[in-house]
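Encoded as structure tokens, the structure appears first; notes follow it.
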Amino acid sequence: MTTWEYATVPLIVHATKQILDQWGEDGWELVQVLQMPGTTNIVAYLKREKQ
């Protein structure tokens, strides 16, 4: 059975691609991006297989 680990990462609008590229290079897969209600804060939810 596959097991996963998860991360939540705050995103900076002007550096979103660079942030996600770096996490992707470390083996993380983007699951979802959400804007926090009532704010301009954006959070990425990522997962990768546990080793």
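Just checking: which of the strands (runs of 3 or more DSSP E) contained wholly in the chain hold 3 or more residues that are out of contact with any Cys (no Cβ under 9 Å at 6 or more places or on another chain) and free of Cβ contacts under 8 Å to residues at least 24 places away in the same chain?
The strands (runs of 3 or more DSSP E) meeting that bar are 29-35.
Please go through region 1-40 and give me each residue that is of a type in the set (S, T, N, Q) and surrounded by fewer than 12 Cβ atoms within 10 Å (Cβ to Cβ), ordered by number.
Within region 1-40, THR2, THR3, THR8, GLN18, GLN32, GLN35, THR39, THR40 qualify.
All of the numbers you see were taken from the coordinates with simple rules; none came from a lab. Computed from a prediction, not measured in an experiment: that's the story for all the values here. Virtual Cβ from ideal backbone geometry, glycine too; neighbours counted across all protein chains shown.
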